[in-house]
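Written out below as structure tokens is the structure these notes cover.
The values are calculated or read from the model by the stated rules, or taken from the named source; none is laboratory data. Quick caveat, the model's predicted, so the values are computed rather than measured. Here the Cβ positions follow ideal geometry from the backbone for every residue, glycine too, while neighbour counts run over all protein chains shown. Side chains are part of the model used for accessible areas, which takes the heavy atoms of the whole protein and leaves out ligands, DNA and RNA. Shrake-Rupley method; radii C 1.70, N 1.55, O 1.52, S 1.80 Å.
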Amino acid sequence: MNGVENQAVTDIIPTALQVEFGLARIFAAAPFRDAPQLKAFLLFVVRETLAGRGGDLKGYSIATLALGRPDSFDPQTDPIVRVQAGRVRQALAEFYEANPTEPTIISLERGSYLPRFACANQTSGNLQTSSMPDVPDRMSKINTASAEASLKASPSQPFLLTVMVLACAVALVTFLGWRAYDGYRKPELLPYSAFVPSLIVELDAHDAASELAVLAARTRDAIARFDDVVVVQDNADMAAALPGSSGARPGIRLSLKIGGAPAGPGHLRITARLIDRSDQTLLWSREFDPVPAGPAGDRQRGLIVRATASSIAQPYGAIHAHVRARLKTRQIKGDPYDCIVASF
């Protein structure tokens, strides 16, 4: 099983947090450490699976959203996804061979782009894994079986009742003590959204009834699917997404400006520009081919939405490249998002 043949695997499914920690350990070790394409491939398929979209993983989506291929990508003529999948399998095999005690197993079966997750157990004889969509059902069966076995093995009902009462009492005392301590220290905790980049999608020419407005709304929805970017509606929402912000930190404020100009009869030339609002730096821009108005241009506008979202919001797109560049000019101060970007 991709380099873990000698490593026994339990029926217990790791949590999403365990998978994320396992992924961070994989990326910090050879051969992933200096291989951005392998990182981008594995990060994309794992995140999509954890989000419940593993069944939608196809060569086209991996190529365009993770590997930076254009929307004209043809999986029949370009084998990049199959080649990278093979390299990811080989890299995972090397990682688990060098780390036989790794508690979380992430594997990529041959002939599939859907990753599978499992917990390792050196004393177990079973070699079973499971993909994330099966976790709730599998875990409920495992927990039920464990509970039934515990009840059957119970030496006496009074003893079990005593243990349960003591456990409840300890839990109650711990909870009351924590509430008292929490109320005393009154920490000021900022949400994760206060540290990741915040993005406003806006029009250069404000016309709510225009096709540009529809395009901007579709682009906003597409970018919102990426976990590490907070998409807000307007300046008021951006202020709410960055509580306590004094300017540059915490948070990075960005604007995606979408504009258009006539390009012949019945056609519109669409442009997109990504700007850092703190200093008005142009981070990314693109001018697209003229798009026909009305239903005739629906498909082309859809391609523009996909191209824009993937180019700026994917793990190695313009937004995160800008964040990494900022990290090189200052010391990391412990912000959660800084630590995530630094790990990549």
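Here are a few things to note about the model shown:
- Helices (runs of 4 or more DSSP H) contained in segment 235-344 and holding at least 1 residues at pLDDT 85 or above and of a type outside the set (A, V, I, L, M): 298-313
- Residues that are small (Gly, Ala, Ser) and surrounded by 16 or more Cβ atoms within 10 Å (Cβ to Cβ) were ranked within segment 275-308; the one that is farthest from Ile200 (Cα to Cα) is Gly297.
This table checks each residue for (1) assigned to a helix (DSSP H, G or I); (2) surrounded by fewer than 18 Cβ atoms within 10 Å (Cβ to Cβ); (3) touching a Cys at 6+ places or on another chain (Cβ under 6 Å); (4) at pLDDT below 55.
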| site | (1), (2), (3), (4) |
| --- | --- |
| Leu176 | yes, yes, no, no |
| Ala180 | yes, yes, no, no |
| Tyr184 | yes, yes, no, yes |
| His206 | no, yes, no, no |
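- Any chance Phe117 is farther than 18 Å from Phe226 by Cβ, crowded, with 20+ Cβ neighbours inside 10 Å, at pLDDT 90 or above and under 21 Å from the mean Cα position of the chain (by Cα): yes
- Number of residues in segment 64-81 that are of a type outside the set (Val, Ile, Thr) and more than 22 Å from the chain's Cα centre (by Cα) equals 7.
One line per residue, one yes/no per condition, for (1) open to solvent by 50 Å² or more (accessible area, probe 1.4 Å); (2) in contact (Cβ under 8 Å) with a residue 12 or more places away in the chain:
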{"site": "Pro31", "(1), (2)": "no, yes"}
{"site": "Leu42", "(1), (2)": "no, yes"}
{"site": "Thr64", "(1), (2)": "no, yes"}
{"site": "Asp71", "(1), (2)": "no, yes"}
{"site": "Gln76", "(1), (2)": "yes, no"}
{"site": "Ile80", "(1), (2)": "no, yes"}
{"site": "Ala98", "(1), (2)": "yes, yes"}
